[in-house]
Each structure stands twice: as C-alpha cells, then as structure tokens.
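Read the structure below first, then the notes.
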Amino acid sequence: MYNLVIFASGNGSTLQSIIDNISNHKLEAKIDLVISDNKDAYAIERAKKNNIDTYIIKNKKFSQRDLELSEVLSKYKIDLIVLAGYLKKIGPKLIEKYTIINTHPSLLPKFGGKGMHGMHVHEAVFKAKEKFTGPTIHFVNQEYDSGSVISQTKIEVLPIDTAEDISDKVQAIEKIQLNQILNKFVNHEI
C-alpha cells in the first residue's frame, strides 16, 4: 500500500477529496496521518471522522518544529507527504528525508512566496487582471513555492470573474489535478 501523510492548516477540503478518492477506489493509497499546526483546523475533524491518526504541532519555532516533526514521522512508513493547505515552512530534516509535494493556487512562479496562500493569491490575480491562473503542484524545497513544478493546469480568468469566482474555479481543478498526480506517484510514474 502507498502511504501518505497529509499536512493541512485549515478546512481540509483537499484532504477530503483525497479521502473520497481512496474510499471510491480511484486512488490506491492510505492516509496514515494528518498533521496540523492549527488545533482548530477542520481538517483534523475530517481525519478523525475517517479514523485517520492526527497530530497537532506543539512547537512554534522553526528549528524545534522541524525536530518535533522528524520524531513524529519516524514512527510511520511514509511514501509521500502532501501539503494540502498547510501554511508553515517545512524544515531541512523533513526535506532531506521525505518526498514532499505542495499544492499552490496560482501558476507559479507568479503569485508565490511567503504570505501568498488562499484568497491572498486569488485577490492578487484579480488585481493584476491576469488572463489565466490555475493550480500548481510542485516539490517542496527550503524556499516557499520554488520547488520543481510537477503539474500546472491553466484556467481562463473571465473579465466578469471576482476573486471568489477565481478561487472556486482553482479549487475545483486543484483537487482533480492533485488526485491525478497522486495516482502517478502510486503507479511510480513520477
């Protein structure tokens, strides 16, 4: 079985799409653990409802968090870590040991970097009057949103689209794209 660990900071809708694809046998994988830096993240509730182990990060300092997560993850057999709406920087211990991918709601390198997540990205796309946007899935390295791109899906931004419309479009495609990429990992195509 292909073993996943999911990091999430918020609602967990991307986590739920992975859970649903596993349940529907569209993804032959298992989520062993969901980690969050936010004890109130609904992603934790989603995991618990599906009998998935959860862990809330205790340390706020970057180096201590990296060490803490290294210790926690050492107890699991992990094929891939997926950042699905996780907002903290990943430390060097994890980057050296694991394959880690991230979903980002813009066509990187545009609208990436520290502080660029969720609606911040969609509002920036809207204000810049971009004609296209879309989700990017990339490998995680030690800089925000700068790892090698695995996949991007281009979506047209219509003149009538609001930032909320852009967000809805990107989120819908992002979940499909991520599950396609996860299947490629499971089938050793990446």
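Some notes on this structure:
- Count Lys and Arg as plus one, Asp and Glu as minus one, and take only other residues whose Cβ is under 15 Å from that of Lys89; the net charge is then 0.
- For region 1-85: rounded, prolate or oblate by the Cα gyration tensor [a/c cutoff 1.5]: oblate
- Extending 7 Å from the Cα toward the beta-carbon at both Glu96 and Lys114 defines two label points whose distance is 2.3 nm.
- Shape category assigned to region 39-102 from the gyration tensor of Cα positions, a/c cut at 1.5: prolate
- In terms of its C-alpha gyration tensor, region 77-173 comes out prolate, because a/c is 1.5 or above and the ratio a/b outweighs b/c.
- Among Tyr76, Pro105, Leu178 - extreme Cα towards positive end, dipole of region 57-190, charges at beta-carbon: Tyr76
- Of the peptides 83-90, 68-75, 152-159, the ranking by mean beta-carbon count within 10 Å, highest at the top, reads 83-90, 68-75, 152-159.
- Counted residue by residue at 0.36 nm each, then reduced by the alpha carbon distance between them, the extension gain from Lys131 to Asn3 reaches 42.3 nm.
- Partner aspartates and glutamates whose Cα lies under 15 Å from the Cα of Lys60, excluding those fewer than 8 positions away in the same chain, are identified as Asp37, Glu68.
- DSSP-defined antiparallel bridges as percent of all bridges, the chain, nearest 5: 35
- Treating r as the C-beta distance of Gln64 and Leu158 and R0 as 30 Å, the FRET efficiency rounds to 0.05.
- Across the chain, Cα pairs under 8 Å and at least six residues apart give a relative contact order of 19 percent.
- Rounded tilt (10° steps) of 62-73 against the dominant C-alpha axis of the chain: 60
- Neighbourhood net charge (12 Å Cβ-Cβ; Lys/Arg +1, Asp/Glu -1) for Phe185: -2
- Region 8-53 versus region 73-113: alpha-carbon centroid distance in Å: 15
- If you run the Gaussian network model on the chain, springs between alpha carbon atoms under 10 Å, then out of Ser106, Ser148, Ser13 the most flexible one is Ser148.
- Percent of Cα-Cα distances greater than 16 Å, calculated over region 16-60: 39
- In this structure, the pairs whose alpha-carbon distance is over 21 Å, taken from Lys61/Lys89; Lys49/Lys93; Lys58/Lys175; Lys48/Lys169; Lys88/Lys114, are Lys49/Lys93; Lys58/Lys175; Lys48/Lys169.
Read-outs throughout are calculated quantities, based only on the coordinates presented, and are distinct from any laboratory measurement. Here the structure is a predicted model, which is why all the values come from computation and not from measurement. Cβ sites come from the backbone with ideal geometry, for glycine too, and all protein chains shown count toward neighbours.
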